[in-house]
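Peer 1: First, the structure itself, so that you have it in front of you.
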Amino acid sequence: MILTDKKILEAIDKREIVIEPYRRECLGTNSYDVHLGKTLAVYKDEVLDARKHNKIDYMEIGAEGFVLQPGTLYLGVTEEYTETHNSVPFLEGKSSIGRLGIDIHATAGKGDVGFCNTWTLEISCVHPVRVYAGMPIGQLIYFLVEGDIENYYNKKSNAKYVERTTKPVESMMWKNKF
């Protein structure tokens, strides 16, 4: 079941969902709009290795915006810090972003119950497009879970993305055993 605007508001009142900063005008019928933060990152190496820590370079989006180029994976970040304690958050791109040829996540559109952080975006585009810090970039949709939860994400000993940040976070695949 997808939460409606009224159910999202109830969950915010109960602190089952936390959104900082929260802006009432960003609440849709059954979603909440999130915005592009001021920091982007790109990987330093051309060839990435899943078993190694691939370092990134950060860049700030200035007032004039930043032109995304096709063929480059950019890591972005939401302005919003979120916590979700009673539902599964899904991050989807806004249709207006898709119509500009921008994808905001390659595979990781689902959060876990207990995820508490900003969202790192895996941004790619089909042709050059200028983006701006603070622009609407995606929407969070909340799915209610059924049953008790044994293993909240923020309490897992092997959770890799729990350190609170305002910058994009590179892949931590290298921390897995394979």
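The values are calculated or read from the model by the stated rules, or taken from the named source; none is laboratory data. This structure is a prediction, so every number in the text was calculated from the model and none was measured. Note: ideal-geometry Cβ built from the backbone for every residue, glycine included; neighbour counts use all protein chains shown.
Peer 1: Does any residue in segment 125-139 that is modelled with pLDDT under 95 come within less than 7 Å, Cβ to Cβ, of a residue that is β-branched (Val, Ile, Thr) and assigned to a loop (DSSP other than H, G, I, E, B) six or more places away or on a different chain, and which pairs are these?
Peer 2: Once the first residue is modelled with pLDDT under 95 and sits in segment 125-139, no partner that is β-branched (Val, Ile, Thr) and assigned to a loop (DSSP other than H, G, I, E, B) comes close enough.
Peer 1: Can you name every residue in segment 27-48 that is farther than 21 Å from THR165 by Cβ and either polar (S, T, N, Q) or touching a His at 6+ places or on another chain (Cβ under 8 Å) (or both)?
Peer 2: Listed by number, the residues that qualify are THR29, ASN30, SER31.
Peer 1: So in segment 118-169, with the set limited to residues that are part of a strand (DSSP E or B) and of a type in the set (A, V, I, L, M), which one is nearest to the chain's Cα centre (by Cα)? Walk me through how you get there before you give the answer.
Peer 2: Here is the first cut: in segment 118-169, the residues part of a strand (DSSP E or B) are 120-125, 129-131, 136-144.
Restricting the remaining residues to those that are of a type in the set (A, V, I, L, M) gives 121, 123, 129, 131, 137, 140-141, 144.
On the way: LEU121: 5, ILE123: 10, VAL129: 20, VAL131: 16, ILE137: 10, LEU140: 9, ILE141: 12, LEU144: 19 Å.
Only one residue fits best here, namely LEU121.
Peer 1: Would you pick out the residues in segment 119-134 that are crowded, with 16+ Cβ neighbours inside 10 Å and small (Gly, Ala, Ser)?
Peer 2: Narrowing segment 119-134 to residues crowded, with 16+ Cβ neighbours inside 10 Å: 119-125, 129, 131, 133.
Hits for segment 119-134 are SER124, ALA133.
Peer 1: Of the residues VAL169, VAL145, VAL126, VAL131, only one is among the β-branched types (Val, Ile, Thr) and under 20 Å from VAL18 (Cα atoms); which?
Peer 2: Numbers: VAL169 fails: under 20 Å from VAL18 (Cα atoms); VAL126 fails: under 20 Å from VAL18 (Cα atoms); VAL131 fails: under 20 Å from VAL18 (Cα atoms).
Result: VAL145 is the single residue among VAL169, VAL145, VAL126, VAL131 that is among the β-branched types (Val, Ile, Thr) and under 20 Å from VAL18 (Cα atoms).
Peer 1: Which pairs have Cβ atoms under 6 Å, sit 6 or more apart or on different chains, and link a residue in segment 1-28 that is surrounded by fewer than 11 Cβ atoms within 10 Å (Cβ to Cβ) to one that is modelled with pLDDT of 95 or more?
Peer 2: Within 6 Å, the pairs are GLU20/TYR81.
Peer 1: Right, something else. Among the residues of segment 144-178, count how many are modelled with pLDDT of 90 or more and surrounded by 12 or more Cβ atoms within 10 Å (Cβ to Cβ).
Peer 2: Looking only at that region, the number is 12.
Peer 1: Inside segment 65-118, can you point out the residues that are free of Cβ contacts under 8 Å to residues at least 12 places away in the same chain and either crowded, with 19+ Cβ neighbours inside 10 Å or closer than 21 Å to ASN54 by Cα (or both)?
Peer 2: Filtering segment 65-118 for residues free of Cβ contacts under 8 Å to residues at least 12 places away in the same chain gives 71, 95, 98-99.
Residue satisfying the conditions is GLY71 alone.
Peer 1: Quick one: is GLU64 of a type in the set (D, E, K, R) and either at pLDDT below 95 or within 17 Å of the chain's Cα centre (by Cα) (or both)? Spell out the reasoning first.
Peer 2: Numbers: of a type in the set (D, E, K, R): yes; either at pLDDT below 95 or within 17 Å of the chain's Cα centre (by Cα) (or both): no.
Criteria not met by GLU64.
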